[in-house]
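The block underneath contains the structure these notes are about, expressed in structure tokens.
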Amino acid sequence: MTFAHLPAGYITCRLLYNQFKHRIDSWNCYLLWGLLGSVAPDFDHLYFWFINREQDQHLNFSHYPLFWVLLLIFSAFWFVIDRKSQNPVSAFMVSFGGFIHMILDTVTGHIFWLAPFSYKPFSIGELVEAANPWLVQSFPGWAYGVELLILIWSFSLFSRNSLRACPQSEAM
Ligand SMILES: [Zn+2]
């Protein structure tokens, strides 16, 4: 996925807000960590650009689903132990954003879901292409269509938030 990770992070923050609002002191802080998590796996672009341009970018640990699952489990434990501060919520939003990133990358590209135990790539796009080649041939830009839908969804949530006062309007 190319440009929809940040919008997807915004959608995640908005959809989970009601679950966490009793633990959120600052909407800005909550949003910042949620957005950061949504793009964090792609920080390995730096490794790709400056160190090793040969390797498949999704072979770096930041694109291992297991890494994000472990962080999710850790943040869930932290959430249970620390019942007052916003920090566990921030940790959860980073982890969850990273995990959603794995799913989105699987839609339009491939992810090694069982890494580091197995390096068999999995791609929903390739699965659809194998099952219905005519569908992909008829809509060659389908992946950008998915990204566009995510963008429209996030924009609609954002504009709805801007049009009426809501609890998180601290950021608006
Ligand atoms: Zn990625």
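How many of the residues in the range 25-52 are more than 16 Å from the ligand (Cβ to nearest atom) and buried (at least 18 other Cβ atoms within 10 Å of the Cβ)?
Residues in the range 25-52 being more than 16 Å from the ligand (Cβ to nearest atom) and buried (at least 18 other Cβ atoms within 10 Å of the Cβ): 5 in total.
Taking the range 84-121, which residues are open to solvent by less than 20 Å² (accessible area, probe 1.4 Å), hydroxyl-bearing (Ser, Thr, Tyr) and either touching a residue at least 60 places away in the same chain (Cβ under 8 Å) or in a loop (DSSP other than H, G, I, E, B) (or both)?
SER90
Scan the range 76-105 residue by residue and report those that are in contact with a strand residue (DSSP E or B) (Cβ under 6 Å, 6 or more places away or on another chain) and either closer than 16 Å to LEU15 by Cα or among the aliphatic types (A, V, I, L, M) (or both).
Going residue by residue through the range 76-105, those that are in contact with a strand residue (DSSP E or B) (Cβ under 6 Å, 6 or more places away or on another chain) are 102, 105.
MET102, the sole residue that qualifies.
Is it the case, given these coordinates, that PHE61 is exposed (fewer than 14 other Cβ atoms within 10 Å of the Cβ) and within 16 Å of the ligand (Cβ to nearest atom)? Write out each step before concluding.
Values: exposed (fewer than 14 other Cβ atoms within 10 Å of the Cβ): yes; within 16 Å of the ligand (Cβ to nearest atom): yes.
Against the criterion (exposed (fewer than 14 other Cβ atoms within 10 Å of the Cβ) and within 16 Å of the ligand (Cβ to nearest atom)), PHE61 qualifies.
What do you reckon, is VAL69 in contact (Cβ under 8 Å) with a residue 40 or more places away in the chain, part of a helix (DSSP H, G or I) and surrounded by fewer than 17 Cβ atoms within 10 Å (Cβ to Cβ)? Outline the logic, then answer.
Details: in contact (Cβ under 8 Å) with a residue 40 or more places away in the chain: no; part of a helix (DSSP H, G or I): yes; surrounded by fewer than 17 Cβ atoms within 10 Å (Cβ to Cβ): yes.
No; evaluated as a whole, the condition is false for this residue.
Looking only at the range 65-74, decide whether some residue is of a type outside the set (Lys, Arg), at pLDDT 95 or above and within 12 Å of the ligand (Cβ to nearest atom).
Filtering the range 65-74 for residues of a type outside the set (Lys, Arg) gives 65-74.
Subset that is at pLDDT 95 or above: 65-74.
Among the residues that remain, those that are also within 12 Å of the ligand (Cβ to nearest atom) are: 65, 68.
Yes - at least one qualifying residue is present in the range 65-74.
The values are calculated or read from the model by the stated rules, or taken from the named source; none is laboratory data. All values reported here derive from a predicted model rather than from experimental measurement. Quick reminder, even Gly has a Cβ in these numbers, built from the backbone with ideal geometry, and neighbours come from all protein chains shown. To get the accessible areas, we keep the full protein, side chains included, count just its heavy atoms, and leave off ligands, DNA and RNA. Shrake-Rupley method; radii C 1.70, N 1.55, O 1.52, S 1.80 Å.
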